[in-house]
Amino acid sequence: MDSILVRGNGALSGAIPIAGAKNACLTLMPATLLSDEPLTLTNAPRLSDIRTMTQLLQSLGAEVASLQDGLVLALSSHSITNFKADYEIVRKMRASILVLGPMLARYGEATVSLPGGCAIGARPVDLHIAGLRAMGAEIDIDGGYMVARAPKGLKGARYTFPKVSVGATENLMIAAALAKGTTVLDNAAREPEIANLAECLSAMGVPVGGIGTETLTIEGVTSFKPIEHAVIPDRIETGTYAMAVAMTAGDVELIGGQVDLIDTVAASLRAAGVTLENTENGMRVHRTNGALHGVDVMTEPFPGFPTDLQAQMMALMTRAEGASMITETIFESRFMHVPELARMGANVTIHHQSALVRGVPKLRGAEVMATDLRASVSLAIAALSAEGDTMLHRVYHLDRGFERLEEKLSACGADIERLKG
Ligand code: EPU
């Protein structure tokens, strides 16, 4: 396994290109399963999770070609031969469950492994199942698999999510594209990745109403158009680098980054003393004078503060003047980075869902490891401002969600290198 060595050495300065959003691309790719028509995705990120989704779709019989060094994915599903998403792939990546809705809608059958728990919490899939059942699916759990059937196809339905779920909203949206009649999803997730998927479905010829709101209306269709669709910029990568720049009191332009995708995060960063402004090519982040101030943050579904930036915000707050209360409301075990940050000298006390971070004047490099990708990158951010060397282990987590992290940071002056395992 590779490791990353970071020698804390001061302010980041320069430019960082922002890639396409992992979580948007992972949602768009299964939409290929809806029809024979080609789907071309541009601005795809070059990440191991995208390769895992590629393998999964190929295992079902789909064709996925990676073009232009992985920036373009050409997908086609004219010869699906296998209706089973195997445990070996699903256990690696929970987004695999997104093949369930379209396979069931198109072929009337799908067997998808239950993903199981993961490092950030139990993460059940009951809402995916309940929503598809409301559309007429019969789903049994057998041998660790969801065995789903809809012999007469899926029917449009009205379904109100008892809890906001990004993945369940996406699964039902894609399934509804091929269901008979109209589907109305209430209390739907409003993440930008959902809007990106809705726009993709619209371009394919599926009428989608209520984009960006908590009520989505999808009219099922029987034929689709071949399309090319662009993956939106990664708002989590954008926020992560904004925090890295703030941590080192740097000045960096995030090329392709969009402030309007991270409004809530931008408000918290501004309150902490960071400047963010739109530029012609993206956005500029700088903290060139003054200290960081502690700000309180609570994770919530979009447009609230994203759980996927909670660990990075905590890393930043370890160096703020004053205290910060960070509350995680989406996942139950998403504080796994806390003991690792403590190894670097951070002062954090966890009480139930909240972490009280008392800023310290300095962090010191240490050997650290993390159990998920956002936690890993939070340790890299901490390392950038720490005194001495930090060795970050289990880097494969980072490779799931951050494209060429060490190259992007080195180009802005960071002393960071990958050590091959
Ligand atoms: N939940 C249920 N039942 C369900 C589905 C979800 O109880 O059937 C719960 C979850 O356990 C969680 C909450 O609902 O407590 C929200 O989960 P959600 O379904 O929204 O999450 P997800 O779709 O599994 C996506 C992202 C995550 C991100 C969350 C929240 C993808 C591929 N993954 O997961 O991204 O944290 O939304 O925004 O889009 C990451 O990229 O590091 C990552 C974990």
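The values are calculated or read from the model by the stated rules, or taken from the named source; none is laboratory data. Only a predicted model underlies this, so the values are computations on that prediction, with no experimental measurement involved. Note: ideal-geometry Cβ built from the backbone for every residue, glycine included; neighbour counts use all protein chains shown. Ligands, DNA and RNA are stripped out before the accessible areas are found, and what is left, the full protein with its side chains, is counted by its heavy atoms. Shrake-Rupley method; radii C 1.70, N 1.55, O 1.52, S 1.80 Å.
Taking only pairs six or more apart or across chains, which ones have beta-carbon atoms under 7 Å, a first residue in region 406-421 that is free of Cβ contacts under 8 Å to residues at least 12 places away in the same chain, and a second residue that is of a type in the set (A, V, I, L, M)?
Ser410/Ile416
When residues of region 380-401 are filtered for being assigned to a loop (DSSP other than H, G, I, E, B), within 16 Å of the ligand (Cβ to nearest atom) and not basic (Lys, Arg), how many remain?
1
Yes or no, residue by residue, for (1) within 17 Å of the chain's Cα centre (by Cα); (2) within 24 Å of Leu127 (Cβ to Cβ):
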| residue | (1), (2) |
| --- | --- |
| Ala189 | yes, yes |
| Gly209 | no, yes |
| His229 | no, no |
| Leu254 | no, no |
| Arg287 | no, no |
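I'm trying to understand the selection: among the residues of region 19-45, which are open to solvent by 20 Å² or more (accessible area, probe 1.4 Å) and within 16 Å of the ligand (Cβ to nearest atom)?
Within region 19-45, just Asn23 meets the criteria.
For the subset of region 46-73 comprising residues that are in a loop (DSSP other than H, G, I, E, B) and of a type outside the set (A, V, I, L, M), which member is least open to solvent (accessible area, probe 1.4 Å)?
For region 46-73, the residue satisfying everything is Gly61.
Pick out the one residue from Thr248, Thr288 that is of a type in the set (Val, Ile, Thr), modelled with pLDDT under 95 and over 18 Å from Arg235 (Cα atoms).
When all the criteria are applied, what remains is Thr288.
Return yes or no: is Gly8 within 30 Å of Val274 (Cβ to Cβ), at pLDDT 95 or above and either more than 16 Å from the ligand (Cβ to nearest atom) or open to solvent by less than 20 Å² (accessible area, probe 1.4 Å) (or both)?
No.
Answer yes or no: is there a residue in region 224-243 that is farther than 30 Å from Pro38 by Cβ, in a helix (DSSP H, G or I), touching a residue at least 24 places away in the same chain (Cβ under 8 Å) and of a type in the set (A, V, I, L, M).
Yes - at least one qualifying residue is present in region 224-243.
If Val112 passes every condition in (1) open to solvent by 20 Å² or more (accessible area, probe 1.4 Å); (2) under 22 Å from the mean Cα position of the chain (by Cα); (3) under 14 Å from Arg149 (Cα atoms) but one, which one does it miss?
(1)
I want to confirm something. Restricting to region 158-170 and keeping residues that are under 15 Å from Thr217 (Cβ atoms), open to solvent by 20 Å² or more (accessible area, probe 1.4 Å) and of a type outside the set (Phe, Trp, Tyr), which single residue is farthest from the ligand (Cβ to nearest atom)?
Arg158
Looking only at residues that are among the polar types (S, T, N, Q) and either under 21 Å from Arg400 (Cβ atoms) or at pLDDT below 95 (or both) in region 77-127, which one is nearest to the ligand (Cβ to nearest atom)?
The qualifying residue nearest to the ligand (Cβ to nearest atom) is Ser96.
Return the residues of region 257-295 that are within 16 Å of Ile326 (Cα to Cα), open to solvent by less than 10 Å² (accessible area, probe 1.4 Å) and assigned to a loop (DSSP other than H, G, I, E, B); say none if nothing qualifies.
Ala272, Leu292
When you scan region 132-142, do you find a residue that is modelled with pLDDT under 95 and out of contact with any Ser or Thr (no Cβ under 8 Å at 6 or more places or on another chain), even just one?
no
Which of the residues that make up region 303-350 are part of a loop (DSSP other than H, G, I, E, B), crowded, with 17+ Cβ neighbours inside 10 Å and acidic (Asp, Glu)?
Matches in region 303-350: Glu328 only.
Yes or no: Glu219 open to solvent by 30 Å² or more (accessible area, probe 1.4 Å), among the acidic types (Asp, Glu) and over 25 Å from Gly401 (Cα atoms)?
When the stated conditions are applied, Glu219 passes them.
Name the pairs whose Cβ atoms lie under 6 Å apart, with the first residue in region 272-283 and more than 13 Å from Met243 (Cα to Cα), the second of a type in the set (Lys, Arg) and open to solvent by 10 Å² or more (accessible area, probe 1.4 Å), and 6 or more positions between them or separate chains?
Glu277/Arg284
Only one of Ala203, Ala198 is open to solvent by 20 Å² or more (accessible area, probe 1.4 Å), modelled with pLDDT of 95 or more and under 30 Å from Arg404 (Cβ atoms); which?
Being open to solvent by 20 Å² or more (accessible area, probe 1.4 Å), modelled with pLDDT of 95 or more and under 30 Å from Arg404 (Cβ atoms) holds for just one of Ala203, Ala198, which is Ala203.
For the structure I just gave you, tell me whether Val360 is in a loop (DSSP other than H, G, I, E, B) and modelled with pLDDT of 95 or more.
Answer is yes for this residue.
Output the residue which, of all residues in region 171-195 that are in a loop (DSSP other than H, G, I, E, B) and near the ligand (Cβ under 9 Å from one of its atoms), is nearest to Pro306 (Cα to Cα).
The extreme case among them is Glu191.
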